[in-house]
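One structure is given below, encoded as structure tokens.
Each reported figure results from applying straightforward, stated rules to the coordinates on display, with no laboratory input. Just so it is clear, the model here is predicted, and its values are computed rather than measured.
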Amino acid sequence: MNSRLPLWPLLIDLRQQFPPSKTLDLDRVAQEATAAVVQHLKPGARVAVAVGSRGIANLQTIVRAAVRALEAAGARPFILPAMGSHGGGTSEGQVALLADYGITESAVGVPIRPSMEVQIVGSVIPGFDLCVSREALSADGVLLINRIKPHTDFAGSIGSGLLKMLVVGLGKQAGAAQFHAAACRLGYEHVLRAHSRALLETVRIIGGLAILEDQRHQTARIDAVRPSDIEAREPLLCDEASAMMPGLPFDDIDLLIVDRMGKNLSGTGMDPRVIGRSIHGYSLAEETPRSGPRIRRLFVRDLTPESHGNAIGIGLADFTTTRLVQAMDRGLTTVNSLTALSLQGAKIPLHFQTDREVLEKAAATLGLANMQNARIVRILDTLHLEHLEVSVPLAREIEGRPGLETSGDPHPFEFDAAGNLAG
């Protein structure tokens, strides 16, 4: 049965016209980038290929190409999960996360060494240990593979990339906890730079593959970065990545409907830079300056299977569904939240059984005399923003704006027999 919400505005499909994605021979590009940083390896050198927990486009292809280039150079590579506390802070959980991205021993052709054991290698900042994976320390070399992008938790000249993978990813759960504890008091970028400088002198980093993605979440470039250049190059690469990040094309939204959230989409489930809400909220950690639109109410509907129940970031929403809450793994979410000190992100918002009930409750909190004037946006998730649905009042505002194109006829909210949004 199709049941419509009375007196709500009609919706219309909207497309943001992004530049076309590049056509890359990813296997060749990744092999060449790897070859550029693996010079002077001794025959038989054991090289750890550090791979994280983010949903990076073409990750399996890039990792396999890097492995082949290392083998061609005479090395003996293995995969080292570099994802801090993700996967519940367990070896099994981190292996499962890699498998979701096609990174398995059979698919890549080399062993995965997921030990969570770390070694304390010093203390750059008094009172906080500098920890690093024992597997990384025992390797003859470590190759970092990560996407460069602005970070979800802090604003600065560097964000998520090779340096963060070195400090937080290879720090495993213990190292990630020490980093976040220091950073929440002293500043994320300050601590990240201080810890990474010390680790670059301690761990045998042979280089990194810095991945940039375009507005369509497609690989735009893979840069080979030598260890001595990482700190200087990352701010430049981060600026480029920031310029390619998509966003919502409106400054003022009454209700944002997000069909799915998840760790494979953003470190905070939903990207704060898209939704204009900080993962730290009012906690003691430094606040990320608000960017993005003003969103009065946010409704997130579902959790991706790839999140394995880690619903960190659910606290950024005002409303959700009972099914999303039931899909949460409280243990995984708690470990991630406590390690990253992002307590706001684990708080559970108001939730109801069906999408229809959520929308009715949300509408009652908007303070609008006429819901037909509501400024509503519906997106798949905060990573894929080329195609949206917007209410007719918003569609009227974009007439004549370049890069935005509506299609089809206005249509009402449609629900399935269970009372959940169709499509």
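Within the listed set PRO235, PRO126, PRO111, the residue fluctuating most in the Gaussian network model of the chain (springs between alpha-carbon atoms under 10 angstrom) is PRO126. Comparing mean-square fluctuations of LEU186, LEU324, LEU144 from a GNM of the chain with C-alpha springs under 10 Å, the top value falls on LEU186.
Of all DSSP beta bridges located in the range 26-244, what percent are antiparallel, nearest 5? The antiparallel fraction comes to roughly 40 percent. For VAL49, the residues 5 or more places off, or on other chains, whose built amide H falls under 5 Å of its own are PHE78, ILE79, LEU80, LEU143. For Cα extents along the principal axes in Å, one of (1) 69, 51, 42; (2) 81, 53, 35; (3) 71, 46, 36 was computed from the structure I shared and the rest are decoys. Which label? It is the value labelled (3). Of all aspartates and glutamates in the structure, the ones whose alpha carbon falls short of 17 Å from that of LYS172, not counting any fewer than 8 places away in one chain, are GLU92, GLU117, ASP129, GLU135.
Of all beta bridges that DSSP places with both ends in the chain, some 40 percent have antiparallel geometry. Note on the chain: GNM, Cα springs under 10 Å; of SER160, SER123, SER106, the largest mean-square fluctuation is that of SER106.
Which whole-angstrom value gives the distance between the alpha carbon centres of the range 151-204 and the range 356-423? Their Cα centres are 39 Å away from one another.
May I ask which of LYS149/LYS263; LYS149/LYS347; LYS164/LYS263; LYS42/LYS164; LYS22/LYS149 have a Cα-Cα span longer than 21 Å here? If you can, show how the numbers build up before the last one.
Numbers: LYS149/LYS263 15 Å; LYS149/LYS347 26 Å; LYS164/LYS263 16 Å; LYS42/LYS164 27 Å; LYS22/LYS149 18 Å.
Where the Cα-Cα span goes over 21 Å, the pairs concerned are LYS149/LYS347; LYS42/LYS164.
For LYS361, the aspartates and glutamates whose Cα comes closer than 18 Å to its Cα, not counting residues fewer than 8 places off in the same chain, are ASP254, ASP259, ASP302, ASP318, GLU414.
Rounded if a/c is under 1.5, else prolate if a/b beats b/c, else oblate: with a ≥ b ≥ c from the C-alpha gyration tensor eigenvalues square-rooted, which is the range 26-244? Walk me through the numbers on the way to the answer.
Values: a/c = 1.42, a/b = 1.18, b/c = 1.20.
Verdict is rounded for the range 26-244.
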